[in-house]
Amino acid sequence: MKTVGIIGGVGPESTIEYYRQMVAVWRERRPDGSYPSIIINSIDLKRMLDLIGADRLDDTTRFLLEEIERLARAGADFGLIAANTPHVVIDRLRQGASLPLISIVEAACRAARGRGLKRLALLGTRFTMQGRFYPDVFGPAGVDLIVPTPDEQAFIHEAYLGELVPGRFLPATRERFISIIRRLKEQEGIEGVILGGTELPLLLRPADGQGLPLLDTTRLHVEEAVARLLAPGREA
């Protein structure tokens, strides 16, 4: 049996959800009473965000590579990072890591293309909404990404780090997110919404999409990881 290594703790609530969903998806696809082999390395979210916020991407890469190599030494065959924001350095990590890494951004892009979606809103931390790592994957695939206004981005980022990451999911915050999605649908003509933060599916449900599909990046990432676990052969 292959083993998946997860860089977790970024944040803790979504790491719990990754584990729960990975077990559930495994049981859906392999209902023989077995369970997946999973190693979780829960890292310091504050340290990572401080590095990314200071644009210290070389230091971010070194920090995450050290944590990925812990997974490799523990016996993981491949890995993933249970968050969107650190994918700002995913290309650097792939060059330096001894483990193959599954990208949450690429998983989301494959799902969007599979559904024929061409114009999507992107919600997440400021680093995700303003970064290039989503457009660099979605652009070549012919998918346009629309981000909220600067004021909306400020609200989303602050609510994300100040409420969602610590595990607070407030009705008023949910309603504000829904109003942002509604505006993007009416004014920007979006065809769906990328929940580009792994805590967002804990706040928003499919019915909150104003009739549009919500691409749950946590679920999409988990499904690709379980497919890799179940693929024949040792090589990930």
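Odds and ends about this structure:
- Qualifying residue in the stretch 48-57 (condition: surrounded by 12 or more Cβ atoms within 10 Å (Cβ to Cβ), touching a helix residue (DSSP H, G or I) at 6+ places or on another chain (Cβ under 9 Å) and free of Cβ contacts under 8 Å to residues at least 24 places away in the same chain): yes
- Scanning the stretch 85-132 for residues that are part of a helix (DSSP H, G or I), surrounded by fewer than 17 Cβ atoms within 10 Å (Cβ to Cβ) and not assigned by TED's automatic domain parsing to the domain that holds Leu65 yields a total of 4.
- Residue check for Pro148: in contact with a helix residue (DSSP H, G or I) (Cβ under 6 Å, 6 or more places away or on another chain) and in a loop (DSSP other than H, G, I, E, B): yes
- Count of the stretch 192-213 residues which are part of a loop (DSSP other than H, G, I, E, B) and either out of contact with any Leu (no Cβ under 7 Å at 6 or more places or on another chain) or surrounded by fewer than 19 Cβ atoms within 10 Å (Cβ to Cβ) (or both): 6
- Inter-residue pairs, beta-carbon under 9 Å, first within 21 Å of Ala83 (Cβ to Cβ) and in the stretch 198-210, second part of a loop (DSSP other than H, G, I, E, B) and among the charged types (D, E, K, R), 6+ apart: none
- Yes/no for Val10 being in contact with a Lys or Arg (Cβ under 9 Å, 6 or more places away or on another chain) and crowded, with 19+ Cβ neighbours inside 10 Å: no
- Hey, Glu28 under 23 Å from Leu229 (Cα atoms), touching a residue at least 24 places away in the same chain (Cβ under 8 Å) and out of contact with any Gly (no Cβ under 6 Å at 6 or more places or on another chain) or not: no
- Residue list for the stretch 56-83, restricted to those being over 26 Å from Leu202 (Cβ atoms) and assigned to a helix (DSSP H, G or I): Leu57, Asp58, Asp59, Thr61, Arg62, Leu65, Glu66, Glu69, Arg70, Ala72, Arg73, Ala74
- Looking only at the stretch 8-28, and only at residues there that are modelled with pLDDT under 95 and either assigned to a loop (DSSP other than H, G, I, E, B) or among the basic types (Lys, Arg) (or both), the one that is farthest from Leu164 (Cα to Cα): Gly9
The values are calculated or read from the model by the stated rules, or taken from the named source; none is laboratory data. Keep in mind that what you see is a predicted model, and the values were worked out from it rather than measured. With ideal geometry, Cβ positions are generated from the backbone for all residues, glycine too; neighbour counts draw on all protein chains shown.
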